[in-house]
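Enquirer: Below is one structure. I have some questions about it.
The values are calculated or read from the model by the stated rules, or taken from the named source; none is laboratory data. Small disclaimer: the values here were computed from a predicted structure and weren't measured. FYI the Cβ positions are ideal-geometry reconstructions off the backbone, even for glycines, and counts take in every protein chain you see.
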Amino acid sequence: MSAEGGTKAIVAALAANLGIAASKMVAFAFTGSSSMLAESIHSMADSGNQGLLLLGGKRSRRERTQQHQFGYGRERYFYAFVVAVVLFTVGAVFSLYEGYHKISHPEDVKAPGWAFGVLIAAIIMEIFSFRTAIVESNRVRGDQSWWAFIRRAKAPELPVVLLEDLAALVGLFLALFGVSMAVATGDGVWDGIGTVAIGVLLAVVATILAIETKSLLIGEGVTPEHERAIVEALESVEQVDHLIHMRTEYLGPDELLIAAKIAVSHDDTAADVARGIDAAEAKIRERFPEAKLIYLEPALDEPAGKTAAGAVSPNLEKD
């Protein structure tokens, strides 16, 4: 994923959420609706989350140091994980608490016109933000399904913005439903029900984000398809007889580490092996420019059976 595409989606979401949060807070002041309050807190949390994603992107570009010799690429994963925590604690927990309070002590929605006007305007702004995230994601999604894209993406920004925007849109419709039912029936309990539904929605989205970003933080390798392509690139080099074993790991969205042990012929000279290693690295980088760190260890030829499927590192599914 290009950093530019991710940044564009984040900025669009940030601009939309700042405007939406302000309008929702004004509407809450006039209506006293707990759904409006929950949605305003949700939008403020989202705005803070987009700020965290921008901060993570900036900090990840720092030069490596003696203490962090592989650089700071995982800063983007860390701040994406913080986003999931913030979304759960600030958005979901607050909404659930406020909804429970309103169900226990229902109040009429005052000045419902404010609530309807703000919610409709917020839906329009959120659709713009969501559309931007979809357009930018489609540039890199390929033929993957949306769920596969969210599960497999190594750059966290677009999946985070996509899920946040989706949750925001659904949350707005839930708030509209809660306020509408409260006004139509004269029973403020509906406002509380809408607020609880928003809290549950945010908790689900936050849990998905936490699971995905935790996996990235721990360290993910390439997909099975990409692993096969790397093996093919290695074994296409004349001096490489076959692959013995290999491990891969993303140190950041744009930096892939590949470590492999390759079998070479008994008759190859040191110069032949060195040329083979250089050629293999060039072939891998031609296919995977993000492979910034490649470590190839030559070994004397071993029986071909050692290169069966088990010799290549298995790509485990996320926890």
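Enquirer: Of everything in region 89-126, what is under 30 Å from K8 (Cβ atoms) and touching a Leu at 6+ places or on another chain (Cβ under 7 Å)? Give them in sequence order. Talk me through it step by step, then tell me what you get.
Expert: In the first step, residues of region 89-126 are kept if they are under 30 Å from K8 (Cβ atoms); the result is 89-92, 94-95, 117-126.
Listed by number, the residues that qualify are G91, A92, S95, L119, A122, I123, E126.
Enquirer: Still on this structure, I have one more. List pairs: first residue in region 177-188 and free of Cβ contacts under 8 Å to residues at least 60 places away in the same chain, second residue surrounded by 20 or more Cβ atoms within 10 Å (Cβ to Cβ) anywhere in the structure, Cβ distance under 7 angstrom, at least six positions apart or on different chains.
Expert: That search, which allows pairs on different chains as well, returns F177/G194; M181/W190.
Enquirer: Right, next: Please work out if F81 is assigned to a loop (DSSP other than H, G, I, E, B), touching a Lys or Arg at 6+ places or on another chain (Cβ under 9 Å), over 24 Å from W190 (Cα atoms) and touching a residue at least 24 places away in the same chain (Cβ under 8 Å).
Expert: Numbers: assigned to a loop (DSSP other than H, G, I, E, B): no; touching a Lys or Arg at 6+ places or on another chain (Cβ under 9 Å): yes; over 24 Å from W190 (Cα atoms): yes; touching a residue at least 24 places away in the same chain (Cβ under 8 Å): yes.
Judged against the criteria, F81 is not a match.
Listed here are the residues, each with its yes/no results for (1) modelled with pLDDT under 85; (2) within 22 Å of L158 (Cβ to Cβ); (3) of a type outside the set (D, E).
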residue: L54; (1), (2), (3): no, yes, yes
residue: K58; (1), (2), (3): no, yes, yes
residue: T65; (1), (2), (3): no, no, yes
residue: F70; (1), (2), (3): no, no, yes
residue: E75; (1), (2), (3): no, yes, no
residue: A80; (1), (2), (3): no, yes, yes
residue: V83; (1), (2), (3): no, yes, yes
residue: F88; (1), (2), (3): yes, yes, yes
residue: V93; (1), (2), (3): no, no, yes
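Enquirer: Just to be sure I understand, how many residues within region 22-39 are of a type in the set (G, A, S), part of a helix (DSSP H, G or I) and buried (at least 24 other Cβ atoms within 10 Å of the Cβ)?
Expert: Initial filter on region 22-39 (of a type in the set (G, A, S)): 22-23, 27, 29, 32-35, 38.
Pick out the ones that are also part of a helix (DSSP H, G or I) and you get 22-23, 27, 29, 34-35, 38.
With the extra rule that they be buried (at least 24 other Cβ atoms within 10 Å of the Cβ), the set shrinks to 27, 34-35, 38.
Looking only at that region, the number is 4.
Enquirer: Consider I103 against the criteria (1) surrounded by fewer than 18 Cβ atoms within 10 Å (Cβ to Cβ); (2) at pLDDT below 85: it satisfies all of them except one. Which criterion is unmet?
Expert: It fails just one condition, (2).
Enquirer: Something else: Take the residues of region 278-298 that are touching a residue at least 24 places away in the same chain (Cβ under 8 Å) and among the hydrophobic types (A, V, I, L, M, F, W, C): which is surrounded by the fewest Cβ atoms within 10 Å (Cβ to Cβ)?
Expert: L293
Enquirer: Also: I want to confirm something. Restricting to region 106-149 and keeping residues that are of a type outside the set (G, A, S) and in a loop (DSSP other than H, G, I, E, B), which single residue is surrounded by the most Cβ atoms within 10 Å (Cβ to Cβ)? Before the answer, list the steps.
Expert: Of the residues in region 106-149, the ones of a type outside the set (G, A, S) are 106-110, 112, 114, 116, 118-120, 123-128, 130-132, 134-136, 138-141, 143-144, 146-147, 149.
Okay, now just the ones that are also in a loop (DSSP other than H, G, I, E, B), so 106-110, 143-144.
Working: P106: 17, E107: 16, D108: 14, V109: 25, K110: 11, D143: 5, Q144: 14.
Across region 106-149, the extreme among qualifying residues is V109.
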